[in-house]
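One structure is given below, encoded as structure tokens.
Bear in mind these aren't lab numbers, they're just calculated from the coordinates by the rules spelled out. None of the values given here were measured: they were computed from a predicted structure. All Cβ positions, glycine included, derive from the backbone under ideal geometry; neighbour counts span all protein chains shown.
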Amino acid sequence: MILNLQNIYKDYQQDKLVVPVLKDINLQVEEGEYVAIMGPSGSGKTTLLNVIAGQYRPYAGKIYLFGKKLSAYRGNSLYRNLLALLPQNPQTLFLRNSVEEDYLEFCRMIGYDRTEAQQKTEELLWRFELKHLRKRHPYDLSGGEQQKAALGKLLLSNPKVLLLDEPTKGIDACAKHHLAELLKELKKQGITILMVTHDIEFAAEVSDRCGMLFQGQMISMETPERFFQGNSFYTTAA
Ligand code: ADP
Ligand code: MG
């Protein structure tokens, strides 16, 4: 098991009267799996991913990544060769004036030397079909291109687990199709993916297991076939 969440509770206020944002979340993800978690706006999807990415601490519960407690990963070690989070607004990932400069800078940040940085940047620009966009300002890309450039940037660090926050938000049908293919390809290469999304069709297409988050609680976790055909989706959606 690559990721194991046990009885996770998270709140933004220290106020005992307030209902927690995440309530007793249990989630186990196997290596190479693609898990999708759906849920309405405000149900805690982004919070859940940020907790797993170590950006917020839960006030109760335990998280293990590769059998090691999340809090035991020190400094940058979590984000090097291990875990990457695609934020709800991927634009926030970009800090430089061109895609290429942004990639090179990120490579330096995670500790590659100059040659490695150049090789890795070339490799990702090629793999993600971004070479013609390398000199463009990241903010001037279309929604779909921006999403792809953001994913490419994250892959510079060779993550084994990819966390995706609403990856289909703001992209057109064609870009969405392309993204689905890309994510399936990453899964084939052995990357474990945990995605939260509104996008039911997309989740059904790409995932091995689907879950539903409702008011901070995980309601069900099944294969897409059972999830959409069986009771769980309709009863929980209702
Ligand atoms: P989702 O991604 O499913 O829309 P979120 O995890 O963003 O849900 O939000 C869950 C709940 O937590 C919401 O009620 C939201 O208002 C609250 N919340 C999210 N982020 C913060 C924050 N930084 N400070 C206080 N409350 C927050
Ligand atoms: Mg969200």
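One compactness figure for segment 154-228 is 1.13, namely its Cα radius of gyration divided by 2.2 N^0.38 Å. Percent of Cα pairs in segment 1-78 per distance bin of 5 Å, from zero to the largest separation: 3, 14, 25, 26, 19, 9, 4, 1. Relative to the longest principal axis of the Cα atoms of the chain, the long axis of helix 143-155 makes an angle of roughly 90 degrees.
What the Kirkwood sum gives for segment 104-238 is a hydrodynamic radius of 16.6 Å, with every pair of different alpha carbons counted.
Hey, for a label at His178 modelled as a point 7 Å past Cα toward Cβ, could you say which residues of segment 80-96 have their backbone N under 20 Å away? 86-94, by backbone N distance to the label point.
Report the one residue of Gly211, Pro224, Gln146 whose Cα lies farthest in the direction of the positive end of the charge dipole of segment 134-238 (charges on C-beta: Lys and Arg +1, Asp and Glu -1; origin at the Cα centre). Result: Gln146. Partners of Lys160 within straight-line reach, counting lysines whose Cα lies under 23 Å from its Cα and excluding those fewer than 8 residues away in the same chain: Lys45, Lys62, Lys68, Lys69, Lys120, Lys148, Lys176, Lys184, Lys187, Lys188.
Of all aspartates and glutamates in the structure, the ones whose alpha carbon falls short of 13 Å from that of Lys10, not counting any fewer than 8 places away in one chain, are Asp24.
Per DSSP helix of 4 or more residues, -39500 (n - 2.57); summed, then divided by the residues of the chain. What does that give at 222 nm, rounded to the nearest 500?
Taking each H run of at least 4 residues, the total per residue is -10000 deg cm²/dmol.
Scaling against 2.2 N^0.38 Å puts the C-alpha radius of gyration of the chain at 1.02. Amide H contacts of Ser220 (H built 1.01 Å from N, in plane; Pro and chain starts excluded): Met212 sit under 5 Å, all sequence-distant by 5 or more or on other chains. Taken about its Cα centre, the chain carries a charge dipole of about 720 debye when Lys and Arg each add +1 at the Cβ and Asp and Glu each add -1 at the Cβ.
Given in Å, the Rg to one decimal and the Dmax to the nearest whole number for the Cα atoms of segment 60-146 are 15.4, 47.
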